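Before any comments, here is the structure.
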């Protein structure tokens, strides 16, 4: 038996009612529902039974969600109203709905992810579960195709306050990260720093999400123009991720560091040593790529690899040159293999900024090649296994990143 919830729908689509009922059942609620389509039917249903919530379509033929709100506004002990509609697509209309007295407004498109909003509005969720429900909604609103950051901030603040009051410290850590991330994305750097530094000030909480918190803190401090503090937070995040083999996150922190350093007056660049064979091969390879001569660029890349020795940074640059030359020539399998080798070398050197470059190149190729990429990876894995290399370790994480990141 699920937890009971009684929902009265002002809705002209029985299919939509069934869909929401299914979402509630899946979330562990036993829903008692009734569907009405007019003012008279709504009032009759309210007289017959007690309801936890009224869910009203923004526009029903001959009736509307805002009309339902007006009808219930002066009714004693009236249930809260949530407006649900595909028509509520902009912030101005949503604000008007809330100002009219509705408890919330939800887009039908995302109702499967917004069940916590329904049960919060209905008041049927246990007190200790409320912070978790608010955190879930904060994360949902942040990750929608068109993020709703104001609503994400509202739910993030509710989650943070509730988790602190109840001593739910793991949830508090995730709420601080989510809320700080919202503030960073909105450009509210001061608020982000306040929330994130408050989290870091609690020594008992440090093991939880310390890297992610410092990553967001570094971005917020950069927005405030505090280069030194931003650099310290980003370096801390990068090293924290690296120590736990979270290499894709270490790469993200390294890229943020590069962007930060690009805002600082650059030092005079070091010129290549004319007596260094590696430098000569690399410079000539880059020149041949600029002149659209990938065959000669690959030749120089192989020569550079031959003199790179045990230096993983030089090995990275050699494989990077080989990868780009192979891509221009349309040799996809070789290019993807070189990208994998470049990333391995960069990680060996602890250069997560370089590793990110290889990861990004691999992802671009993987996504652009479609079905051909899967076949290429299969062949590469077999070759690695033949040579005694753990193929899953070398390729698996890159494949996962390529599928999960928006390049």
In degrees from 0 to 90, rounded to the nearest 10, what is the angle of the helix 130-143 Cα long axis to the longest principal axis of the chain?
50 degrees
So residue 77 and residue 364, fully extended at 0.36 nm per residue minus their Cα-Cα distance, gain in nm 97.6 nm
Put a dot 7 Å past each Cα toward the Cβ at residue 349 and residue 25; how far apart are the dots in nm?
5.8 nm
For region 3-125, just say rounded, prolate or oblate: build the C-alpha gyration tensor, square-root its eigenvalues into a ≥ b ≥ c, call rounded for a/c under 1.5, and beyond that prolate if a/b exceeds b/c, oblate if not.
rounded
Classify region 150-261 as rounded, prolate or oblate from the Cα gyration tensor: take a ≥ b ≥ c as the square roots of its eigenvalues, call it rounded if a/c is under 1.5, otherwise prolate when a/b beats b/c and oblate if not.
oblate
Relative to the longest principal Cα axis of the chain, at what angle does helix 352-369 sit, 0 to 90 degrees, rounded to 10?
70 degrees
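Arranged by the count of other C-beta atoms within 10 angstrom, fewest first, what order do 111, 135 take? Can you show the working numbers first?
Values: 111 18, 135 26.
So the residues, fewest neighbours to most, are 111, 135.
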Taking the Cβ-Cβ separation of residue 47 and residue 99 as r and a Förster radius of 41 Å, what is the calculated FRET efficiency to the nearest 0.05?
0.90
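Could the peptides 4-10, 161-167 be put in order, highest first, of the mean number of other beta-carbon atoms found within 10 Å of their residues?
Descending packing order for the listed peptides: 4-10, 161-167.
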Rounded, prolate or oblate: which fits the chain when a ≥ b ≥ c are the square roots of the eigenvalues of the alpha-carbon gyration tensor, with rounded for a/c under 1.5 and prolate only if a/b beats b/c?
prolate
For the pair residue 239 and residue 186, the simple spin-label estimate (label points 7 Å beyond Cα toward Cβ) gives in nm 3.3 nm
I want to check the label-to-label distance for residue 283 and residue 374. Put each point 7 Å from Cα in the C-beta direction and report it in nm to one decimal.
4.7 nm
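Note the full-extension length gain between residue 39 and residue 144 as 0.36 nm times their separation in residues minus their Cα-Cα distance, in nm to one decimal.
Working: separation 105, 0.36 × 105 = 37.80 nm, distance 3.35 nm.
Fully extending the segment from residue 39 to residue 144 adds 34.4 nm.
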Arrange the following residues from fewest to most other Cβ atoms within 10 Å of their Cβ: 151, 108.
108, 151
Burial order of peptide ranges 347-354, 336-343 (average beta-carbon count within 10 Å, highest first):
336-343, 347-354
What is the fewest-to-most order of 194, 75, 238 by other Cβ atoms lying within 10 Å of their Cβ?
75, 194, 238
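For residue 293 and residue 382 in the same chain, what is the full-extension length gain: residue separation times 0.36 nm, less their Cα-Cα distance, in nm?
Contour length minus the Cα-Cα distance gives 29.0 nm.
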I'd like the orientation of helix 277-290 relative to the chain: the angle between its Cα long axis and the longest Cα principal axis, in ° from 0 to 90, rounded to 10.
60 degrees
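Where a number appears in this text, it was derived from the coordinates with a stated rule and is not lab data. Remember, it's a predicted structure, so these values are computed and weren't measured experimentally. So basically every Cβ, Gly included, is an ideal-geometry build from the backbone, and we count neighbours across all protein chains shown.
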